[in-house]
Each structure stands twice: as structure tokens, then as C-alpha cells.
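Novice: Please read through the structure below; I'll follow up with questions.
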Amino acid sequence: MAGRVRPQTLDSAPMRSSSSEASEPSVACTPSVSSSSAASPSSAIQALAAGLGSGGRFVYSYSCGLSGQPAPRRGGEREGMTSARPQATHHARILEDLRRRILDGRWAPGHQLDKETDLAEAHGVSRMTMNKVLTQLAQEGYLVRRRRGGTFVAQPRAQSAVMEINDIGAEVAALGLIHGWTLLRREIMRLGAAERALLDMPADAGTGEVLFLQGLHSAQGAPFCLETRAINLAAVPPARDMAFDATPPGTWLTQTKPWTAARNTLRAIGVEGAEARHLGLPVGAACLLILRKTRSEPDWVTCVRLVYPGEAHQLVAEFEPGRAS
């Protein structure tokens with residue numbers, strides 16, 4: 001049995017904004033932008049990775065495609081009793097080839113694929129085998145198939161918190177509220193051995209530089225989520241030149257750097273210190289914490305800490321019978 005869990009904002013929970021019009025949230029600190037850290041980055045990275053297990057690995061992990069669906073099992077595709085093994089090999093080979101074209105950007109979102117018969121001929125397989133490949137990629141969220149309209153590379157989409165990668169702006173918009181983003185801190189850090197180990201970054205991974213960001217998401221002017229993030233600049237060099245003062249990094253990364261695997265952990269916490277201040281909550285107030293690390297092989301891309309006010313959020317699990325867990 002497979003499950004899907006998503007965060008929901010409680011309709012009965014009061015928003016902490018006295019005005020119905022959108023306004024920028026009041027924050028206690030101003031954006032800090034620098035190219036090097038005045039103090040040791042250890043405390044910032046330790047705070048970001050708080051809750052990780054040994055070696056920087058999350059307690060709960062899963063691998064998925066762009067849609068957040070579990071990675072497909074290898075083999076098992078059969079078209080006939082006498083040709084099961086060759087067809088399974090063809091299926092896996094073509095599946096990996098087409099998936100890689102999407103992940104590396106050769107096929108951008110919205111790209112229309114050739115006709116199924118043409119793809120089958122180009123890959124030297126039957127139309128039935130190609131149909132199974134395209135159907136699986138559509139189920140994983142890589143493709144959109146339109147009856148009599150063709151097959152297209154899927155657009156990035158908002159996804160649920162536990163089994164998928166969510167866009168916070170889309171979460172807010174789904175509630176019928178206006179999303180806001182305030183950058184609180186932006187800093188390029190050169191990591192030492194301890195910080196590399198904490199973030200599971202290889203010792204020989206370039207200069208060990210990360211872009212450290214913190215910002216506040218708001219919904220109709222009220223604090224909605226505090227985001228603290230490190231982006232691996234060796235894996236995403238263009239991030240170095242992004243200000244992220246207008247566009248949240250999560251939104252930009254979803255559109256810029258497709259991911260192939262993610263590790264998540266969820267936790268209920270009592271918020272403290274600056275996090276409580278930014279969210280407008282008393283110290284010790286209950287919050288939902290989501291820690292996430294994503295990869296685009298062979299490198300890790302980003303590590304993010306998301307803190308949601310507990311009074312306004314809940315997790316809802318949806319289960320479907322007959323599917324493996």
C-alpha cells in the first residue's frame with residue numbers, strides 16, 4: 001500500500017493579519033548579502049541540517065522522478081512468454097534514454113515528442129513497447145499525453161510535502177491568498193570538512209561553496225513558512241548570480257535544475273529564537289518542520305529547512321489499495 005501525504009492549511013485557523021489586503025510581513029532583520037562569511041559557517045549549516053542523521057543523511061528517504069512518484073522498478077515488462085527478457089531490456093534502455101533527455105534539458109518543458117510510431121522505428125522496437133515506455137513516463141510525471149493531440153514534456157508542478165517536492169507559492173495560491181516572499185539573508189559560504197560532512201558533500205567537491213539563503217513566505221501578509229536553504233554551487237553554478245530577492249529559490253530550482261532523488265524528514269518542533277520571531281510566534285509554539293535534500297546525479301543540489309506554524313497546517317495521508325509500499 002502506497003501513501004501520499006500533503007500539508008493543508010486549516011480553514012478554521014485564524015490568519016495573523018489584521019488586513020485583508022496583501023502587505024509585506026514585518027521582520028526583525030534585513031537581508032544580508034555577502035560573498036564570504038564573517039563568522040564561521042558552522043552554526044548556520046548546523047542549524048540548517050539539524051535533524052539529520054549521521055553523515056548528513058535524512059532518516060526517511062525515497063527516490064522519485066519529477067512527479068515525486070517512486071522510482072520505477074527495473075525489468076518486469078513483458079510482451080510475450082518467449083521474448084520477455086529482450087523486451088524488458090529494450091524497455092529499460094529506452095526508458096532511461098528518454099528520461100535522461102528530459103532531465104538534462106535536451107527536451108524542455110512543453111517539447112512535443114515525435115509520433116509513437118516514429119519513436120518506435122527510431123529505437124528499433126515495436127509500437128507496443130514504445131507505448132509502454134511513454135505510458136510509464138507519463139505516470140511518473142515526465143510526460144503529458146493528449147488523445148489525438150500528441151505527447152509533451154510535462155511542466156514543473158506543485159507537489160505534496162512528504163512524497164513530492166512542493167512549491168510554496170502554489171500552496172498559498174491554492175488557498176486563494178496572495179503569496180509574498182521576503183529575503184532575509186543571502187551569503188556565499190566556503191565550507192570546511194565538518195560542514196561538508198554534515199551536508200554529505202564529498203571532500204573533493206570543488207571549492208565546497210554553497211549559497212546560504214533564508215527567507216519568509218507570507219500568505220495575505222501573514223507569515224506562512226520560514227525557509228532556510230543551502231544550494232550547492234558546484235551543481236548549480238547559475239545560482240551564484242541570482243539575487244533571490246523577488247523569486248524564491250525553490251521556485252527557481254524547480255524550473256532550472258530537475259532533480260532525480262530526494263530525502264525527507266518531518267518533525268513536530270517547538271519554535272525558538274529568531275525562527276519564532278520571523279514567524280510572529282511565541283517561543284515554544286508548535287510548528288511543522290520539513291527537512292529536504294534533493295539530488296541531480298551525481299551531485300546533491302540543495303538542502304532546505306521549512307518551518308510552518310503548526311496551528312495553521314496539518315498533514316493528510318491518501319492511500320490507494322493494491323499498490324506496493
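Novice: Determine the sum of side-chain charges near Cys287: Lys and Arg each +1, Asp and Glu each -1, restricted to other residues whose C-beta is under 12 angstrom from that of Cys287. Write out the running numbers ahead of the final one.
Specialist: Details: positive: Arg267, Arg305; negative: Glu272, Glu275, Glu311.
That sum, taken over residues with Cβ under 12 Å, equals -1.
Novice: Follow-up question, since we're still on this one. Pull up the cross-link candidates among the lysines for Lys132, meaning alpha carbon to alpha carbon under 18 Å and not fewer than 8 places away within one chain.
Specialist: Lys115
Novice: Something else about it: Could you give me the percent of Cα pairs per 10 Å distance bin for the stretch 84-153, shortest bin first, beginning at zero and ending with the bin that holds the maximum distance?
Specialist: Going from the shortest bin to the longest, the percentages are 20, 59, 20, 1.
Novice: Defining a contact as two alpha carbons under 8 Å apart and six or more residues distant in sequence, what relative contact order in percent does the stretch 84-153 show? Please list the in-between numbers first.
Specialist: On the way: 60 pairs, mean separation 26.9, N = 70.
Normalised by residue count, the contact order of the stretch 84-153 is 38 percent.
Novice: Separate question: What dipole magnitude, in Debye to the nearest 20, does the stretch 84-153 give about its Cα centre under +1 on Lys/Arg Cβ and -1 on Asp/Glu Cβ?
Specialist: Details: 13 positive and 8 negative charges, 44 e Å.
Magnitude of the dipole: close to 200 debye.
Novice: Could you put Cys303, Cys225 in order, starting from the residue whose Cβ has the fewest other Cβ atoms within 10 Å?
Specialist: Numbers: Cys303 26, Cys225 23.
Ascending number of Cβ neighbours within 10 Å: Cys225, Cys303.
Novice: Could I ask something else about it? Using packing as a proxy for protection, rank 235-242, 147-154 so that the peptide with the highest average count of other Cβ atoms within 10 Å comes first.
Specialist: Put in order of decreasing packing, that is 235-242, 147-154.
Novice: Using Cβ contacts closer than 10 Å as the measure, can you line up Ser218, Ser126, Ser296, Ser43 from fewest to most?
Specialist: Working: Ser218 24, Ser126 15, Ser296 19, Ser43 10.
Ascending number of Cβ neighbours within 10 Å: Ser43, Ser126, Ser296, Ser218.
Novice: At 7 Å along the Cα-to-beta-carbon direction for both Arg148 and Ala197, put a label point, then send me their distance in nm to one decimal.
Specialist: 6.4
Novice: Tell me which lysines have Cα within less than 23 Å of Lys293's Cα, excluding those fewer than 8 residues away on the same chain?
Specialist: Leaving aside lysines fewer than 8 places away in the same chain, those within reach of Lys293 are Lys257.
Novice: Let me check I've understood the local charge: for Ala239, count other residues with C-beta under 14 angstrom from its C-beta, Lys and Arg +1, Asp and Glu -1. What total comes out? Don't skip to the end; give the middle numbers.
Specialist: Numbers: positive: Arg186, Arg229, Arg240, Lys257; negative: Glu187, Glu209, Asp241, Asp245, Asp299.
Summing Lys/Arg as +1 and Asp/Glu as -1 gives -1.
Novice: List every residue whose amide H lies under 5 Å from the amide H of Arg185, counting only residues 5 or more places away in sequence or on a different chain, with H placed 1.01 Å from N in the peptide plane.
Specialist: Ser32, Gln214
Novice: Ranked by Cβ crowding within 10 angstrom, fewest neighbours first, how are Arg196, Arg229 ordered? Walk me through the numbers on the way to the answer.
Specialist: On the way: Arg196 18, Arg229 22.
Fewest-to-most Cβ neighbours within 10 Å comes out as Arg196, Arg229.
FYI, it's all coordinate maths here, none of it is from the lab. What you are looking at is a predicted structure, and each value in this text was computed from that prediction instead of being measured. Cβ sites come from the backbone with ideal geometry, for glycine too, and all protein chains shown count toward neighbours.
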